[in-house]
Amino acid sequence: ALVALSFSGAIGLTFLMLGCALEYYGVYWPLFVLIFYFICPIPHFIAKRLGDDSDAASSACRELAYFFTTGIVVSAFGLPIILARVEAIKWGACGLVLAGNAVIFLTILGFFLVFGRGDDFSWEQW
């Protein structure tokens, strides 16, 4: 699972770099989506730390974390579209960045699904 996640993360970052570094596109503005990749799991970490350990179906802290995470993910998809709309980047670069976003965010989701169960092999022990 870890090898598959690292491979898919590399594929997503390759799409992002192609959207920036190809000579036809040549603008590095789309690299600002890296900020969204780094801040995406932060609400989950805070909710995990502050939330109670009960196995309730829902809690206000967890729901607020889902809301903020959704806002971060939507912003990561919106930034390249806005940049392409104001012609700061080309639409082809926008497509590559959007493909990279989809792969990276699915990789982040897969990481939490695989390693977030709380068993003996989890990211919490790292």
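The table below gives the values:
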{"read-out": "Condition met for PHE77 (open to solvent by 80 Å² or more (accessible area, probe 1.4 Å) and under 18 Å from the mean Cα position of the chain (by Cα))", "value": "no"}
{"read-out": "Test result for ALA88, touching a helix residue (DSSP H, G or I) at 6+ places or on another chain (Cβ under 6 Å), open to solvent by less than 70 Å² (accessible area, probe 1.4 Å), part of a loop (DSSP other than H, G, I, E, B) and not charged (D, E, K, R)", "value": "yes"}
{"read-out": "Filtered residues of region 15-53 (kept if outside any loop (DSSP other than H, G, I, E, B), surrounded by 14 or more Cβ atoms within 10 Å (Cβ to Cβ) and not aliphatic (A, V, I, L, M))", "value": "PHE15, GLY19, CYS20, TRP29, PRO30, PHE36, TYR37, PRO43, HIS44, LYS48"}
{"read-out": "Hey, THR107 open to solvent by less than 90 Å² (accessible area, probe 1.4 Å), free of Cβ contacts under 8 Å to residues at least 40 places away in the same chain and within 13 Å of the chain's Cα centre (by Cα) or not", "value": "no"}
{"read-out": "Within region 3-14, considering residues that are without any contact (Cβ under 8 Å) to a residue 40 or more places away in the chain and of a type outside the set (Gly, Ala, Ser), the one most open to solvent (accessible area, probe 1.4 Å)", "value": "PHE7"}
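The values are calculated or read from the model by the stated rules, or taken from the named source; none is laboratory data. Nothing here was measured: the structure is a model prediction, and the numbers come from that model. Every residue, glycine among them, receives a Cβ derived from its backbone with ideal geometry; neighbour counts consider all protein chains shown. Heavy atoms of the whole protein, side chains included, go into the accessibility calculation; ligands, DNA and RNA do not. Shrake-Rupley method; radii C 1.70, N 1.55, O 1.52, S 1.80 Å.
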